[in-house]
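The values are calculated or read from the model by the stated rules, or taken from the named source; none is laboratory data. Note that the structure is a prediction, hence the values are computed from the model and not measured. Cβ sites come from the backbone with ideal geometry, for glycine too, and all protein chains shown count toward neighbours. Calculation scope for accessible area: heavy atoms of the full protein, side chains included, ligands and nucleic acids excluded. Shrake-Rupley method; radii C 1.70, N 1.55, O 1.52, S 1.80 Å.
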Amino acid sequence: MKKITKQTYLDWYKNMFFWRKFEDKLASVYIQQKVRGFLHLYNGQEAILAGALHAMDLSKDKMITAYRNHVQPIGMGEDPKKVMAELYGKVTGTSKGMGGSMHIFSKEFRFYGGHGIVGGQIPLGAGLAFADKYNGSDAVTLTCFGDGAARQGSLHEAFNMAMLWKLPVVFIVENNGYAMGTSVDRTANHTDIWKLGLGYEMPCGPVDAMNPIKVAEAVDEAIQRARRGDGPTFLEMKTYRYRGHSMSDAQHYRTKDEVEEYKKIDPITQIKDIILEKNYATQEELSAIDKEVKAMVNECEKFAEDSPYPETQQMYDMVYEQKDYPFIS
């Protein structure tokens, strides 16, 4: 694995803090009805993305995930201003304002989307990996999904074929404890989701996903296995989200005390403590990073606010047109 250096820690701190504040800003503008529809935020789960990105080769590796998908393309290189604009439904967005919160997509940076169908991205991720193997590429696809999606039948079909064909894919379940509002122990007679891989003799295991170091180590091992041609891995990222499933979630299924307890092991705080302990930066220098991040988020908001909405004609440009269609006189 690439060495975790002083710069790695500083980058992790800045990136995770930016992702957190980016999502906080979205929550704020959602309440103002500047962002419409559903809004699913990533607060608390940032260590998964930070660690995974450290292990990936961003010049070729791919990622696909569910609809909690705003910060992943930013991490892979997409302009955060475009992501914010997409959420606003503006023409300067990643999909010209036609995708919105649940369908961020960036072909340029190999981020193959948020997907609104629960578990729908699991076989698609296997398909991306199949294409790479078929075309002779050594790229690896990270296929991420939530604990609720682990109960979908498509997971088993994808696992079976991925093992049969030894596809270069890393399946990652982001187990934040609650599928929408239902705790994991109410959805199955087992709570160790990673054990689903055992039925396919797939390498699998749990990961402390509040710690980006642990995530990086586990994902690196899985990616190297896939690049060697040894097939897929299934990792259960044990994490926690501080906000509800979506902005419309009243969170009656858990207590405030539970949320506060998990905040004691917040991934951003963990990295900050290491930085200060190792004298990689002073509190004043970290405060300067905080200020810079907040300014960056404000720039994203201004860009989205100032951008125009799409022209009506764009809606028709997004569908196929057949000149000689026989059923219209």
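Scanning for something in a loop (DSSP other than H, G, I, E, B) and either touching a residue at least 12 places away in the same chain (Cβ under 8 Å) or open to solvent by 60 Å² or more (accessible area, probe 1.4 Å) (or both), does the stretch 212-225 turn up at least one residue?
No; the residues of the stretch 212-225 include none that is in a loop (DSSP other than H, G, I, E, B) and either touching a residue at least 12 places away in the same chain (Cβ under 8 Å) or open to solvent by 60 Å² or more (accessible area, probe 1.4 Å) (or both).
With respect to the numbered conditions (1) among the hydroxyl-bearing types (Ser, Thr, Tyr); (2) in contact with a strand residue (DSSP E or B) (Cβ under 9 Å, 6 or more places away or on another chain); (3) open to solvent by 10 Å² or more (accessible area, probe 1.4 Å), which one is the sole condition not fulfilled by Thr65?
Failed condition: (3).
Scan the stretch 108-119 and give yes if some residue there is in contact (Cβ under 8 Å) with a residue 12 or more places away in the chain, among the β-branched types (Val, Ile, Thr) and in a loop (DSSP other than H, G, I, E, B), otherwise no.
Yes, the conditions are met somewhere in the stretch 108-119.
Cβ-Cβ under 8 Å, sequence separation 6+ or interchain: first residue in the stretch 63-87 and without any contact (Cβ under 8 Å) to a residue 40 or more places away in the chain and closer than 15 Å to Tyr112 by Cβ, partner of a type in the set (Val, Ile, Thr) and assigned to a helix (DSSP H, G or I). Which pairs?
Pro73/Val83
Scanning for something over 20 Å from Ala295 (Cα atoms) and more than 16 Å from the chain's Cα centre (by Cα), does the stretch 59-81 turn up at least one residue?
yes
Taking Lys166 and the conditions (1) part of a loop (DSSP other than H, G, I, E, B); (2) at pLDDT below 95, which numbered condition does it fall short on, given that it satisfies the others?
With respect to (1) part of a loop (DSSP other than H, G, I, E, B); (2) at pLDDT below 95, Lys166 is out only on (2).
If a residue counts only when it is within 27 Å of Lys238 (Cβ to Cβ) and without any contact (Cβ under 8 Å) to a residue 40 or more places away in the chain, which helices (runs of 4 or more DSSP H) contained entirely in the stretch 250-314 have at least 3 such residues?
Details: elements: 256-263, 267-277, 283-306.
Once the helices (runs of 4 or more DSSP H) in the stretch 250-314 are filtered for at least 3 residues that are within 27 Å of Lys238 (Cβ to Cβ) and without any contact (Cβ under 8 Å) to a residue 40 or more places away in the chain, what remains is 256-263, 267-277.
If only one of Leu87, Leu49 is modelled with pLDDT of 95 or more, among the hydrophobic types (A, V, I, L, M, F, W, C), farther than 30 Å from Ala222 by Cα and crowded, with 20+ Cβ neighbours inside 10 Å, which one is it?
Leu87
Tell me, please, whether a residue that is in contact with a Lys or Arg (Cβ under 9 Å, 6 or more places away or on another chain), open to solvent by less than 30 Å² (accessible area, probe 1.4 Å), aliphatic (A, V, I, L, M) and more than 13 Å from Pro232 (Cβ to Cβ) can be found in the stretch 170-180.
Yes, there is a match, as at least one residue in the stretch 170-180 is in contact with a Lys or Arg (Cβ under 9 Å, 6 or more places away or on another chain), open to solvent by less than 30 Å² (accessible area, probe 1.4 Å), aliphatic (A, V, I, L, M) and more than 13 Å from Pro232 (Cβ to Cβ).
Give me a count of the residues in the stretch 7-39 that are under 20 Å from Glu285 (Cβ atoms), touching a residue at least 40 places away in the same chain (Cβ under 8 Å) and surrounded by fewer than 20 Cβ atoms within 10 Å (Cβ to Cβ).
Within the stretch 7-39, residues that are under 20 Å from Glu285 (Cβ atoms), touching a residue at least 40 places away in the same chain (Cβ under 8 Å) and surrounded by fewer than 20 Cβ atoms within 10 Å (Cβ to Cβ) number 5.
If I ask for residues that are more than 18 Å from Phe145 (Cα to Cα) and either open to solvent by 70 Å² or more (accessible area, probe 1.4 Å) or in contact (Cβ under 8 Å) with a residue 60 or more places away in the chain (or both), which ones from the stretch 200-211 would you list?
Across the stretch 200-211, the qualifying residues are Glu201, Asn211.
Criterion first (in contact with an Asp or Glu (Cβ under 8 Å, 6 or more places away or on another chain), among the charged types (D, E, K, R) and not in a loop (DSSP other than H, G, I, E, B)) does Lys81 satisfy it?
Taking the combined requirement at face value, the residue satisfies it.
Being more than 22 Å from the chain's Cα centre (by Cα), of a type outside the set (S, T, N, Q) and closer than 30 Å to Leu198 by Cβ narrows it down to one of Asp257, Asp230, so name that one.
Asp230
Listed here are the residues, each with its yes/no results for (1) modelled with pLDDT under 95; (2) more than 20 Å from the chain's Cα centre (by Cα).
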residue	(1), (2)
Gly181	yes, no
Gly199	no, yes
Met210	no, no
Ala218	no, no
Glu221	no, no
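Consider Arg243 against the criteria (1) of a type in the set (Lys, Arg); (2) more than 22 Å from Ala139 (Cα to Cα); (3) over 20 Å from the mean Cα position of the chain (by Cα); (4) open to solvent by 60 Å² or more (accessible area, probe 1.4 Å): it satisfies all of them except one. Which criterion is unmet?
Result: Arg243 passes all but (3).
Can you go through Lys166, Lys133, Lys107 and tell me which one is surrounded by fewer than 20 Cβ atoms within 10 Å (Cβ to Cβ) and on the phi > 0 side of the Ramachandran plot? If you could, list the steps in order and put the result at the bottom.
Values: Lys133 fails: on the phi > 0 side of the Ramachandran plot; Lys107 fails: on the phi > 0 side of the Ramachandran plot.
Just a single option satisfies the conditions, and that option is Lys166.
Go through the residues of the stretch 254-273 one by one and say whether even a single one is over 30 Å from Met102 (Cβ atoms), open to solvent by less than 80 Å² (accessible area, probe 1.4 Å), modelled with pLDDT of 95 or more and of a type outside the set (Ser, Thr, Tyr).
Yes, the stretch 254-273 contains a residue that is over 30 Å from Met102 (Cβ atoms), open to solvent by less than 80 Å² (accessible area, probe 1.4 Å), modelled with pLDDT of 95 or more and of a type outside the set (Ser, Thr, Tyr).
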